[in-house]
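Just so you know, all these numbers are worked out from the coordinates, no wet-lab data involved. Quick caveat: nothing in here was measured; it's all calculated off a predicted structure. Neighbour counts run over all protein chains shown; Cβ positions are idealised from the backbone, glycine included.
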Amino acid sequence: MTPTLPHTVRAVDTDQLLDLTQEAATHGFSQRLSVDWLREHLAAEATHYLFPTLVQRLTHRPEMPLQWRCQQLLTVRTGEQIWGLLDVLPGTFDKLPETLDAASKKDIVSRIGRAVTVREWAERMVADAAPEELPRD
């Protein structure tokens, strides 16, 4: 029987998020950023948020455990919040403490809907690092 997807948001600090991402990498989950990328770009003292949106069962790979695909709202070093995905084991998610009230959860889900994706943010960072104009002769 498939566990029921929780309709909640969990807050995690950067170290917890790195641990969750490492667990996803260990299991070979497809939706995750690399731990090194996160370590480089996340704000060290920030709070990040996970919102489960899909039960992920890989029927073509029965050795893979069931996962909850979570939308994540990440705070990067620039102070911006960006949107990504992270597959999490249900038991691991359940162990994360419930710390947010209903209004905060609603606000976070709304911010996830408005946030730029990790890819869009990364592409913009590369473009911003490039010279605005070519030098003139």
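Quick look at the values:
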{"item": "Residue within segment 79-97 that is among the polar types (S, T, N, Q), within 17 Å of residue 35 (Cα to Cα) and assigned to a strand (DSSP E or B) present", "result": "no"}
{"item": "Number of the condition not met by residue 7 [criteria: (1) in contact with a Pro (Cβ under 9 Å, 6 or more places away or on another chain); (2) surrounded by fewer than 14 Cβ atoms within 10 Å (Cβ to Cβ); (3) not in a loop (DSSP other than H, G, I, E, B); (4) not β-branched (Val, Ile, Thr)]", "result": "(3)"}
{"item": "Qualifying residue in segment 109-120 (condition: under 17 Å from residue 14 (Cβ atoms) and in a strand (DSSP E or B))", "result": "no"}
{"item": "Extreme residue, farthest from residue 101 (Cα to Cα), among residues of segment 10-42 that are part of a loop (DSSP other than H, G, I, E, B), out of contact with any Gly (no Cβ under 7 Å at 6 or more places or on another chain) and not aromatic (Phe, Trp, Tyr)", "result": "28"}
{"item": "Qualifying residues in segment 43-59 (those that are assigned to a loop (DSSP other than H, G, I, E, B) and not charged (D, E, K, R)) - the one nearest to residue 126 (Cα to Cα)", "result": "43"}
{"item": "Tally, over segment 46-70, of residues that are β-branched (Val, Ile, Thr) and touching a strand residue (DSSP E or B) at 6+ places or on another chain (Cβ under 6 Å)", "result": "2"}
{"item": "Residue match in segment 60-76 (condition: of a type in the set (Lys, Arg), in a strand (DSSP E or B) and free of Cβ contacts under 8 Å to residues at least 60 places away in the same chain)", "result": "yes"}
